[in-house]
Structure formats: C-alpha cells, structure tokens
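Only the coordinates and a few stated rules stand behind these numbers; no lab work does. This structure is a prediction, so every number in the text was calculated from the model and none was measured. When we count neighbours, we look across all protein chains shown, and the Cβ atoms used for this are built from the backbone with ideal geometry, even at glycine.
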Amino acid sequence: MSPRAAWRLEDLGFASVHDYTAGKIDWLAAGEPTEGPGPPAARVRSILDTGVPTCGLTEPAGPAAARAGAAAWPVCIVVNAGGVVAGRLRVDKVAATDTRRAEDVMEPGPATIRAHEDLAATLARMADRHVAVLLVTTPEGLLLGAVRSSR
C-alpha cells in the first residue's frame, strides 16, 4: 500500500502497518491471499499441490527419485537449504541405486510459474505441450508446490 494509506491506518489506531513496496503483482505471484468484490478468478493457487516431493542438493539422487516414484510423482524437486528450486530429478531417468548427489544428476533450472497465473490458460498450455507437472514458485524462486495436469 502507499505510504499515505499506511499513515492513515496508523492514524486510525492500527499498530502493525507496513508499506509493501514490491506491489500487488508480487503479492499475488507469491500466492498470498486477496479479497475483493465478486468471485475470485480461477488461479493456479486454487489447485496448487503442496505435496511435491523434494530433496536437498547433497542427498543421494536414487533414493530421492525412488521416493518420488513411490508417491506417484514423475519428478523429485531439488531445493537448496532455503527452499529455492535448483532443479529436478526425473524418476524415469534416475536409477533407485544411483548414489550420486542430487545436484550432480538433476536437470537444472526447470520451468516455473507463479501462483496468480490464470488456471484455465495454464492447464491448456500444459496440455498443448504435454507437460505433466509445472512448478509454482515465488518471484524469489521458493517452491510453493506444483500443478499436475491429471487434475
């Protein structure tokens, strides 16, 4: 909100007021909630699956991929200690016995989208491109979850 609006809220007695300088689109892209008149638009956030399997950069790739496969996911997402997406392990390309570190086996820089993207357009794009899983991250790259085309 603007500094003027923040000042007004403080003037009205609100104690914890912040000026969110990144803006509304950043707020929406991070998957944060919004309010407003009328029904909300169907956004990716509405079907976000937060159960996407993850592993750390130094974890053994094989067991991580096997764990994802056992949970019926085609990928295991490799994240750093802060939860930022680094890459993905494809279950069909990594043997369960592979002991190499995930960062040595991963496909780096997978495609991601933001939580505020239009749901219908996203699902149509996934179908057109035969994409089974699309990662959803914040603008800073933090993993929020995934959209699965089988929904």
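Give the relative contact order (percent, whole number) for the range 44-148; include only Cα pairs under 8 Å separated by 6+ residues.
Rounded, it is 31 percent for the range 44-148.
Determine the dipole magnitude for the range 44-148: charges of +1 sit on the beta-carbon of Lys and Arg, -1 on that of Asp and Glu, nothing else is charged, the reference point is the Cα centre, and the result goes in debye to the nearest 20. Walk me through the numbers on the way to the answer.
Working: 11 positive and 11 negative charges, 25 e Å.
Using Cβ point charges on Lys, Arg, Asp and Glu, the range 44-148 gives about 120 debye.
Mind listing the long-range amide H neighbours of D98? Cut-off is under 5 Å, sequence gap 5 or more, other chains count too, H placed in the peptide plane at 1.01 Å from N.
G62
Springs between alpha-carbon pairs under 10 angstrom, Gaussian network model over the chain: which of E140, E103, E117 fluctuates most?
For the chain, modelled as a Gaussian network with Cα springs under 10 Å, the answer is E140.
Show that you can apply the helix-only estimate: for the chain, add -39,500 (n - 2.57) for every DSSP H stretch of four or more residues, divide by all residues, and state [θ] at 222 nm to the nearest 500. Before the final figure, lay out the partial values.
On the way: 5 runs with 40 residues, N = 151.
Helix contribution divided over all residues of the chain: -7000 deg cm²/dmol.
Net charge around R100, counting only other residues with Cβ within less than 13 Å of its Cβ (Lys, Arg = +1; Asp, Glu = -1)? Can you show the working numbers first?
Working: positive: K93, R101; negative: E59, D98, E103, D104.
Cβ neighbours under 13 Å give a net charge of -2.
Quick one: net charge around A86, please, counting Lys, Arg +1 and Asp, Glu -1 for every other residue with C-beta under 14 Å from its C-beta. Don't jump to the answer; show the numbers that get you there.
Values: positive: R88, R101; negative: E59, E103, D104, E107, E140.
Value of the local net charge: -3.
What is the antiparallel percent of DSSP beta bridges lying wholly in the range 44-148, to the nearest 5? All intermediate terms of the calculation are to be shown ahead of the outcome.
Numbers: 15 of 20 bridges.
Percent antiparallel among DSSP bridges in the range 44-148 is about 75.
By Kyte-Doolittle mean hydropathy of at least 0.0 and Cα axial length of at least 24 Å, which whole DSSP H helices of the chain are selected? Intermediate results must be reported in sequence, preceding the final value.
Values: long enough: none.
Both cut-offs are met by no helix.
Local charge sum around R67 (other residues, Cβ-Cβ under 14 Å, Lys/Arg +1, Asp/Glu -1)? Write out the running numbers ahead of the final one.
Details: positive: R88, R90; negative: E59, D98.
Result for the neighbourhood of R67: 0.
Find how much the distance from F14 to L142 grows on full extension, using 0.36 nm per residue of separation minus their present alpha carbon separation; answer in nm with one decimal. Don't skip to the end; give the middle numbers.
Numbers: separation 128, 0.36 × 128 = 46.08 nm, distance 3.05 nm.
Extending this stretch completely gives an extra 43.0 nm.
Between L57 and T97, what FRET efficiency follows from the Cβ-Cβ distance if R0 is 25 Å, with the result rounded to 0.05?
On the way: r = 20 Å, r/R0 = 0.78.
For L57 and T97, the calculated efficiency is 0.80.
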